[in-house]
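The values are calculated or read from the model by the stated rules, or taken from the named source; none is laboratory data. Quick caveat: nothing in here was measured; it's all calculated off a predicted structure. Heads up, the Cβs are rebuilt from the backbone with ideal geometry, glycines too, and the neighbour counts pull from every protein chain shown. Side chains are part of the model used for accessible areas, which takes the heavy atoms of the whole protein and leaves out ligands, DNA and RNA. Shrake-Rupley method; radii C 1.70, N 1.55, O 1.52, S 1.80 Å.
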Amino acid sequence: MLIPTTLFPFAAAFVVLFAIALMQVIGLGDVFGDADADGEFDMDADVDGHAGAVEGLMSFLGMGKMPFLMWLSLLLFLFSSTGFIGQYVIEGLTGSMLPALLAAPLALVPALPLTGLASSAFARILPRDETTAIARQSLLGKRGHIDIGMARRGSPARAIVKDIYGQSHNVMVEPHEDGASYVAGDEVLLVRQEGDLFFAISDSDRRLGTVG
């Protein structure tokens, strides 16, 4: 049975969803399971606003709250289901379905926020350690404060930083610039990561123009 072109985007989404499920069954899913952990930002101080907007959008869509393939599968399922149901409802009301190029973006309108809501719900019951690496990388561009010690180049100190969900993380921090140092209570901005070590700048660095 041929699929009507009006339903093709939603059928294609279902096929991709089936392919992801098949990869999980045969063990290939682990190869792509950390796809969302590759988005490391090497940020400078003048892009704080843009990064905040992107992170706000990601939070709205539920990205980062669960492993990427699970999030993508959820989006594909909701997009496909919304599309199929919507097309058949429209056909029942008007006698014909919408063109695929119009139906697909219309189906995304409810599918995207529904994915965000569902991701938040699923995140509450998922094991937290599966997203530890992702959560730490998402701290780039976030502000925190030095908690214990003095941070100098070659001598990190412990800082407390909150992610976009309000969860606090203890991280080791060194100054991004040679000659800078931060003491307990200083507010810093994480701009670079090397393994488990973060590099930061402070407002005083920015005022003095030491950040290139």
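Look through Ala37, Ala45, Ala51 and report the one residue that is over 20 Å from Phe122 (Cβ atoms), at pLDDT below 65 and under 14 Å from the mean Cα position of the chain (by Cα).
Criteria check complete, one pass: Ala51.
Step by step: first the residues of segment 1-31, then only those that are in a helix (DSSP H, G or I) and open to solvent by 100 Å² or more (accessible area, probe 1.4 Å), then the one that is modelled with the lowest pLDDT. Which residue is that?
Val31
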